[in-house]
Structure formats: C-alpha cells, structure tokens
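Here's the structure, in structure tokens; my notes come after.
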Amino acid sequence: MYSQELEEKLREKISEIAENLGGDLDYKVLLTLMFYKVLSDKWLEKVEEYSDKFTETQAYILANRSYYILYDESEKELLTWHESVKERESSARIISNLSRIIKLNPEFDRMDVLVENLKIFTAPEYIERLEKIINGFSTIDFSKVPPEVLNSIFMWILSSYVPEEKSQKKSGKKGKSLELHLQKLAYFL
C-alpha cells in the first residue's frame, strides 16, 4: 500500500544523508548504497519469516532461494549491509560484499559499473563523507517499504541529484540505462 507520509519521511532522511554529497561524490553513490541497504533489509525480513521453523543457516538458504542471494553458501558468509557495517572500514567491506552479491545474482549484472564507481570514493579525501552516508542509511529500515514508494524515492533521487548538464547529455545512454535498470530493480525489492 502506497504511503505519502512514509515517502515524505524517507525523502527528508535521504535529503539529510545527501548533504554529504559534493564534488565527485554524486547521486550514483546514493542510488547504489540505498539499493544495497534495501536489498539487505528485505532479505533479512525473509530470513525472519523462516527463523521460527528452521535453523539460522537453513533460514539463510531459504531466503536465498525465495529472494536474492545474500548468504554465500560456499563461504558460509553473510553479505548483508548489517555485516558490512560492523567493521571500522565499512565502505571497503560494502564494496566487497556488493561485488560478491552481483556475482551471485545474475539479475544484478549491470550493477557492477556502479560498484566500480564506489571504489573511487574509498580514497582518503572522500572516506569521511562516504562513511557519513553509510551511517545515515544504517538508520533507515527499508524492510516494510512498499515497492511503489521505493520506486518513487529512486526517481526522486534521480530528479533531485543528477546535475542538470548530465541529465541533458545525449551521449549518456550507458548512465541512463543503468538508472533505468535501478528503477526496475526497485520493483523487485
């Protein structure tokens, strides 16, 4: 069910998070990190559904089968947002885990470009702002946010944070197709 109030609260919170953007640290960072956080929250919700009747590992495997793969069965390792931010250098762990998720889920094959973009921002001059963005997203629980609201938020980020000159370039077809791919993914989340 669509909720205008929920969407407004999310826009307000994401606007606060976006205050850490600037220079090369742009909207793609917001889209990529929000995508990962939403994916993790919704996956953990699936795990919770199974946890009453199954062991923890069985619940992870069932969530992998019924949603997307965020538990690497061969390595026996969780790849969720929550696991990524436990370490001090959470940005590096987020990038590593998100890269692994993309490899485990063919549906996300186009996301690798956005993850590569994130790697640029692990340089010392960006790390403090990137960590603030990560901490901001860590305060939001996306598990119960309906797909319509998520899609609206993704679209709002694109309309609010894509620089005017970039949105008007005709040659930016690759970037636009990635953005459209993210919007489609919002419906699957």
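The values are calculated or read from the model by the stated rules, or taken from the named source; none is laboratory data. In this text, all values refer to a predicted model and were calculated from it rather than measured experimentally. All Cβ positions, glycine included, derive from the backbone under ideal geometry; neighbour counts span all protein chains shown.
Can you tell me which residue in region 12-57 is nearest to the chain's Cα centre (by Cα), limited to those that are among the acidic types (Asp, Glu) and surrounded by 16 or more Cβ atoms within 10 Å (Cβ to Cβ)?
Checking each candidate, the answer is Asp41.
State which residue pairs qualify: first residue under 19 Å from Asn117 (Cα atoms) and modelled with pLDDT under 95 and inside region 27-44, second residue of a type in the set (Val, Ile, Thr) and not in a helix (DSSP H, G or I) in any location, beta carbons under 8 Å apart, and separation of 6 or more residues or different chains.
Tyr27/Val162
Going through region 94-110 one residue at a time, which ones are over 19 Å from Ile133 (Cα atoms) and in contact with a Ser or Thr (Cβ under 8 Å, 6 or more places away or on another chain)?
Result: Arg110, single match.
Show me the helices (runs of 4 or more DSSP H) found entirely inside region 79-137 where at least 1 residues are more than 13 Å from the chain's Cα centre (by Cα) and at pLDDT 90 or above.
81-84, 90-104
Just one of (1) surrounded by fewer than 19 Cβ atoms within 10 Å (Cβ to Cβ); (2) more than 25 Å from Glu148 (Cα to Cα); (3) modelled with pLDDT of 95 or more trips up Tyr60, so point out which.
Result: Tyr60 fails condition (1) only.
Name every residue in region 7-56 that is over 17 Å from Ser138 (Cα atoms) and touching a helix residue (DSSP H, G or I) at 6+ places or on another chain (Cβ under 6 Å), in order of residue number. Give the steps one after another, and end with the answer.
As a first pass, look at region 7-56 and keep what is over 17 Å from Ser138 (Cα atoms): 7-8, 22-28, 46-56.
Answer for region 7-56, where residues must be over 17 Å from Ser138 (Cα atoms) and touching a helix residue (DSSP H, G or I) at 6+ places or on another chain (Cβ under 6 Å): Glu7, Leu25, Tyr27, Lys28, Lys46, Val47, Tyr50, Ser51.
For region 48-78, give me each residue that is assigned to a helix (DSSP H, G or I) and of a type in the set (A, V, I, L, M, F, W, C).
The answer is Ala59, Ile61, Leu62, Ala63.
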